[in-house]
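Q: One structure coming up, written as structure tokens, with questions to follow.
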Amino acid sequence: VLVEHLKELQIRFFYLFSSFLATFLVGLLYWQELIFVLVKPLHLERFIFTNLPEVFIVTLKVSFLFACWLLLPFLTYQFWLFLSPALYAYERKIFSSFLLALFFSANSAVLLCSLYLLPFLARYFLAFQVSSRYLNVEVEPRLAEYFHVLFPLLLFVILLFLLPLLLYLFQRLLQLSV
């Protein structure tokens, strides 16, 4: 029985890895469009880079983020297919609603971050530009620095959105075990 479970787990990991690799390569092909979509909330037309491999590293990070985000439904589905045969009916009901809420919550967090939080932060930080007869401060944003702020911010907002779901799931599981 253990060998059968390991074989099924191996097949599911193969599906996930091959899907991730294909999605990552698509992200590499469309890296300019992906960066444009992620930079668009700032309403900036120009970014600079100061190191030679900076744009390449940003491209890899953006493609990785794209692949992770796009494969979230497939990952949850594979997780569900592996786990569901071992669950009771009431546990299946709890986990299926949790996985559905997880998917919608993560996408809502990404939308909130890109539509409201990023433009607000951009307006706030761009307000520090000064042009007077005493001082001239202009922003020349680096592409890598922007993504260095964007990725942890997205992760933080997603985790913030998922925290109530995780607390609810743990509370429900504790009720079932008592």
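The values are calculated or read from the model by the stated rules, or taken from the named source; none is laboratory data. Here the structure is a predicted model, which means the values were calculated and not measured. Every residue, glycine as well, gets a Cβ built from its backbone with ideal geometry; the counts of neighbours run over all protein chains shown. Surface areas here come from the heavy atoms of the whole protein model, side chains and all, with no ligands, DNA or RNA. Shrake-Rupley method; radii C 1.70, N 1.55, O 1.52, S 1.80 Å.
Q: Search the structure for amide H atoms under 5 Å from the amide H of Arg142, placed 1.01 Å from N in the peptide plane, and list their residues when 5 or more places away or on another chain.
A: Ile48
Q: Beyond 19 Å, what share of the Cα-Cα pairs of the chain is found? Please give it as a whole percent.
A: Counting pairs separated by more than 19 Å, the tail of P(r) holds 68 percent.
Q: Angle between the Cα long axis of helix 72-83 and the longest principal axis of the chain, 0 to 90 degrees, nearest 10?
A: It is inclined by approximately 20 degrees.
Q: Here's something else I'd like to know. For the stretch 73-178, what is one quarter of the convex hull surface built on the Cα atoms, given in nm²? Mind showing how you got there, number by number?
A: Working: hull surface 37.3 nm².
Spelled out: convex hull of the Cα atoms, projected over all directions, averaged, 9.3 nm².
Q: Okay, next question. Among the trypsin sites (Lys or Arg not before Pro) within the stretch 83-178, which fall in a DSSP loop and have no more than 11 other Cβ atoms within 10 Å of their own Cβ? Let's see the in-between values first.
A: Working: sites: Arg92, Lys93, Arg123, Arg133, Arg142, Arg172; in loops: Arg133.
Within the stretch 83-178, the qualifying trypsin sites (Lys or Arg not before Pro) (loop, at most 11 other Cβ atoms within 10 Å) are Arg133.
Q: Check cross-link reach from Lys61 to the lysines: straight Cα distance under 21 Å, and skip same-chain residues fewer than eight apart.
A: Within reach: Lys40.
Q: Any chance you could list the semi-axes, whole Å, largest first, of the equivalent ellipsoid that the Cα gyration tensor gives for the stretch 1-106, using √(5λ)? Intermediate results must be reported in sequence, preceding the final value.
A: On the way: eigenvalues 267, 65, 14 Å².
For the stretch 1-106, the ellipsoid semi-axes come out as 37, 18, 8 Å.
Q: Right, here's the next one. Just in the stretch 91-178: which chymotrypsin sites (Phe, Trp or Tyr not before Pro) are loop by DSSP and have at most 11 other Cβ atoms within 10 Å? Please list the in-between numbers first.
A: Working: sites: Phe95, Phe98, Phe103, Phe104, Tyr116, Phe120, Tyr124, Phe125, Phe128, Tyr134, Tyr146, Phe147, Phe156, Phe161, Tyr168, Phe170; in loops: Phe128, Tyr134.
Answer in residue order: Phe128, Tyr134.
Q: Another question, if that's okay. Could you state the accessible area per residue of the stretch 1-152 in Å², with a 1.4 Å probe and every protein chain left in place?
A: Values: 10760 Å² over 152 residues.
Normalised by residue count, the accessible surface of the stretch 1-152 is 71 Å².
Q: Tell me, what % of the accessible area of the chain is carbon and sulfur with a 1.4 angstrom probe? Before the final figure, lay out the partial values.
A: Values: 9330 of 12760 Å².
Looking at the chain in its full context, I get 73 percent from C and S.
Q: If you project the alpha carbons of the stretch 65-127 onto the principal axes, what extent comes out on each, in Å, largest first?
A: 56, 23, 11
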